[in-house]
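Right, one structure below, let's go through it.
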Amino acid sequence: MAVSAAADGRRGALLGRGRHYLVAMALTSSLRADCRAHLGDDHVLSRLAAIREALWTGYAGRWHEANRLYVEAARTEANRADRDPGTWLLARWGMARSGGRKGNWIHAYVELGDLLPSVTEHFGPDHPAALDAGHAYAWSAGRAGRAQEASSLLEGLADRADSALGPGHPASLRLRISLAHWTRAAGAVDRSLPMAAAISRQCEVLLGRDHHLTIHAAEVEALCLLESDQDAALIALSDVAMRTELSFGPTHPQTLQAASNHAAARAVIEGPDPVLPVFEDLAERMSQALGDEHPDALRIRMNVVIATLDTQGAGAAQRLCKRTVASLRKVLGDDHPETIAGADLLATIETWMQTSEEPTKRRPASTWSNSGYSSSSNSGGGDASDRALKCRISPVSWPSGPKTADHVPIPPGDDPSPTLPQRDGFAILQAVASVPVSSWSYRGEEHVQHLGPMAQDWHAAFGLGPDDRSIHLVDVNGVSMVAVQALYRMVQSLQSEVSELRARLNPDRDE
């Protein structure tokens, strides 16, 4: 009872202090009304107030409305003969940024990249507006599937902000939090954890525990902890989810994302059974907040797919996975890491459906990195989903030694068993040597030369990939690696043979 009363008291206190963006939005709306009443719509302060109102509307999580307000401000400024360059740039920048936030990250990445040089030139490279524009561009790069690019951009921006504004400036803190976020998403967890821990402590000291930047920093630190200390990470993510809800309200997209991060960690640590209904509820609520095909809603829906697969099997997960992947292709494109991860999972599910090889239930992996579940710091590819999406794994074997004149890989379709056979590494090397290789050009690109095998010859030799119309890069890498390993083993065998012959020819040398 005492703990519950303390929690209720803290919740009430936080509700009194939280949601400052609502107060800021109300004050800005009032300021804009006063400017319009006393100065007129054409005054530059009225136009700047309109942009500020759009900014705070976005902070409230109403990104579609914020984008509309930015579009109106940009259109108004564009039609003016005395257009103010700074106001015009801020309106266009806000329009592109809010366009990304409402789901179109690919377009935002292009637009913000085009605007960034103009913003930097107008305000100066060390001005908070220019640093904020650089931050928005880097973030859009990460959400567009370029996590490594985002991390590299943010590292330079963070150093510049520390030098120009000081390490305690909110812009500097925000950049450091994002740097830890995208460094983790790029796969460098060992680097991101100390970054996140340091900036989390700094935010708490400078801004207080309940500031939105402090909460975000704590969330990134907790996500970084998942690989090394799952229990501590789960407790931290639960605390972050509660603080986010108290600060932003139960329907804000950031609240729903924090709850999804906590649920994903629970699914890995506790198992997916109790978490599946949580994911389903969050997916519905995120769709209501941002739309059915917003990337954040699709990410949670993919977590629903994985939890369904883990608890109910492929048959139950197939339809939702197919629908979600179709939406990912439409919104993010075929080459986005989250689309690729979803498409690979769908292929695995459909393979299981055809072969009846999948078990009734699959428990999730015991580590976060190979669980397949997505968090707000995952870019969708890499170790976060790779192992979970692979099945029917059969290591390459080396049963025959280097002398493999009579070994031929199993052609596609010859194996009636749904279990993949072990492939002989030396036979793969022999097939590599026998595949015809040509130089060629694609029709319509006659000026561009390529070198390699025809897809039909490749498929006939190795039986890899879904058909004989294309060659998958994964298979090229795999065959190349096996061929190098086979050559290495042959060289090692020859070296051993030479050593034995030398020992026989010079018996006195060893004595």
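Derivation of every value follows stated rules applied to the coordinates shown; laboratory data play no part. These numbers come from a predicted model, not from an experiment. Using ideal geometry, Cβ is built from the backbone for each residue, glycine included, and neighbour counts are taken over all protein chains shown.
Given 0.36 nm per residue, what is the gain on full extension from residue 496 to residue 469 after removing their alpha carbon distance, in nm?
Full extension of this stretch gives 5.5 nm more.
By per-residue mean of other Cβ atoms within 10 Å, what is the highest-first order of 233-240, 75-82?
Packing order, densest peptide first, comes out as 233-240, 75-82.
If you find the alpha carbon centre of the stretch 53-127 and of the stretch 156-174, how far apart are they in angstrom?
Cα centres, the stretch 53-127 to the stretch 156-174: 22 Å.
Find which of 431, 503, 456 sits farthest along the positive direction of the dipole of the stretch 425-510, computed with +1 on the beta-carbon of Lys and Arg, -1 on that of Asp and Glu, about the Cα centre.
After comparing all options, I get 503.
Taking R0 as 22 Å, what's the FRET efficiency between residue 449 and residue 107 from their Cβ-Cβ distance, rounded to 0.05?
In this case the efficiency is close to 0.05.
Nearest 0.05, what FRET efficiency do residue 29 and residue 329 give at R0 = 60 Å with Cβ-Cβ as r?
FRET efficiency, residue 29 to residue 329: 0.95.
Does the stretch 229-278 classify as rounded, prolate or oblate by the C-alpha gyration tensor (a ≥ b ≥ c root eigenvalues; a/c under 1.5 gives rounded; else a/b over b/c gives prolate, otherwise oblate)?
Oblate.
Can you give the charge dipole size of the stretch 425-510 about its Cα centre, rounded to the nearest 20 debye, using +1 on the beta carbon of Lys and Arg and -1 on the beta carbon of Asp and Glu?
In debye, rounded to 20, the stretch 425-510 gives about 200.
Which length gain, in nm to one decimal place, applies between residue 350 and residue 228 when the Cα-Cα distance is subtracted from 0.36 nm times their residue separation?
Answer, rounded to one decimal: 40.6 nm.
So what are the stretch 425-510's ellipsoid semi-axes, whole angstrom, largest first, if each one is the square root of 5 times an eigenvalue of the alpha-carbon gyration tensor?
In descending order, the three semi-axes are 40, 14, 9 Å.
Could you order the peptides 172-182, 88-98 from most to least packed, using the average number of other C-beta atoms within 10 Å per residue?
Ranking the peptides 172-182, 88-98 by packing returns 172-182, 88-98.
What distance in nm lies between label points placed 7 Å from Cα along the C-beta direction at residue 437 and residue 121?
4.7
Mind running the shape call on the stretch 283-359? Use the C-alpha gyration tensor, a ≥ b ≥ c as the square roots of the eigenvalues: rounded below 1.5 for a/c, prolate if a/b tops b/c, oblate otherwise.
oblate
Taking the Cβ of residue 224 as the centre, find all other residues whose Cβ is under 13 Å away and add up their charges (Lys, Arg: +1; Asp, Glu: -1).
My count for the surroundings of residue 224 gives -3.
How high is the FRET efficiency between residue 201 and residue 44 when r is their beta carbon distance and R₀ equals 60 Å, given to the nearest 0.05?
0.90
Pairs of alpha-carbon atoms within less than 8 angstrom and 6+ residues apart define the contacts here; what relative contact order does the stretch 135-212 have, in percent?
24
For residue 40, what is the net charge nearby, where nearby means another residue's Cβ is under 14 Å from its Cβ and Lys, Arg count +1, Asp, Glu -1?
In short, 0.
Grab the other residues whose beta carbon is less than 13 angstrom from that of residue 181, score K and R as +1, D and E as -1, and report the net.
Taking every Cβ under 13 Å from that of residue 181, the sum is +2.
Can you tell me the order of 445-457, 241-253, 126-138 when each peptide is scored by its average per-residue count of other Cβ atoms within 10 angstrom, highest first?
126-138, 241-253, 445-457
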